[in-house]
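Contents: one structure, followed by commentary.
A short reminder: the numbers here are calculations on the coordinates, not readings from a lab. Note that the structure is predicted; figures quoted are calculated from it, not measured. Here the Cβ positions follow ideal geometry from the backbone for every residue, glycine too, while neighbour counts run over all protein chains shown.
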Amino acid sequence: MLPFRKVLTSLGLLAIAGVVQAAPIILNGDHFTVSYDDTQAGIYGQGSLSGSLNTLYFQPTAFSALSGGSPASTQAPLQLTFNINPGYAFAGFTFTERGDYFLFGAGAVNVAASVEAMNAANSASTTLNLTSGSSFTQTGAATPWQLTGSLSAQGLGLPQTLLVTLDNSLLADAASGNLAFIQKTYAGFNVTTVAAPAAVPEPSSWALLFTGMLAALLAGVRRRTMHV
């Protein structure tokens, strides 16, 4: 039996390891910051920002599906949190992913992506669904593929904190003696922000302002009357 102190030490190390595994990664972009749990990144790898700091992108090296006799699929979610800087508003983003595929003999590959954006303040959400517009039929050589689409802020209000969930699937299917392979090498979010609109005073604020101006005007008239 392990001594009680060693048991406590082991439990403490496990707790520390759990905290380390869940460490958040934070990147400072142009008018926003983005964060994600490093355990959620999975096969996407480390995220980076473009030189203009408005595009978050990943360059996975092991996101693939390979079939040589039975269907194969690879799915990988990614959850991101975008915090828009004060004075700016989220206007939308363009999502792009690309890679290549290879077919030898009879087989098929495909890719699908779903990107959901939700305003953390009011839970309003909108979803961008992407699938290939054409079949992947080129055989005998590595062939590039790409999916892209845009999502606007319409229906989200003015989110200062935006929760984004990416669901990705790669599919490959080839009979025995054939080969179907597809991989993803890039996934990126090009984020657009605009200057936040000036706040419009509430009716009650206009009434209070008018009351104050009227009081000041009456006080001025009263002083002039007393000096006459």
Q: Considering the options Leu128, Ala175, Gln160, tell which one lies farthest towards the positive end of the dipole of the stretch 22-223, charges being +1 on Lys and Arg and -1 on Asp and Glu at the Cβ, about the Cα centre.
A: Gln160
Q) By the scheme Lys and Arg +1, Asp and Glu -1, what is the net charge of all other residues having a beta-carbon under 14 Å from that of Lys184? A) -2
Q. Between Leu163 and Ser50, how many nm apart are label points set 7 Å from Cα along the C-beta direction?
A. 2.8 nm
Q: Output the peptides 134-140, 43-49 sorted from most to least packed, where packing is the average of other Cβ atoms within 10 Å over each peptide's residues.
A: 43-49, 134-140
**Q.** Cut-off 13 Å between beta-carbons: net charge of the residues surrounding Thr165, Lys and Arg +1, Asp and Glu -1
**A.** -3
Q. log₁₀ I(q)/I(0) of the stretch 18-94 at q = 0.11, 0.14, 0.17, 0.26 Å⁻¹, via Debye over equal Cα point scatterers, no solvent, to two decimals?
A. -0.38, -0.58, -0.77, -1.27
Q.
If packing is taken as the average number of other Cβ atoms within 10 Å across a peptide's residues, how do 106-113, 171-178 rank, most packed first?
A. 106-113, 171-178
Q: Treat the count of other C-beta atoms within 10 Å as a stand-in for reagent exposure and order Leu66, Leu166 from fewest to most.
A: Leu66, Leu166
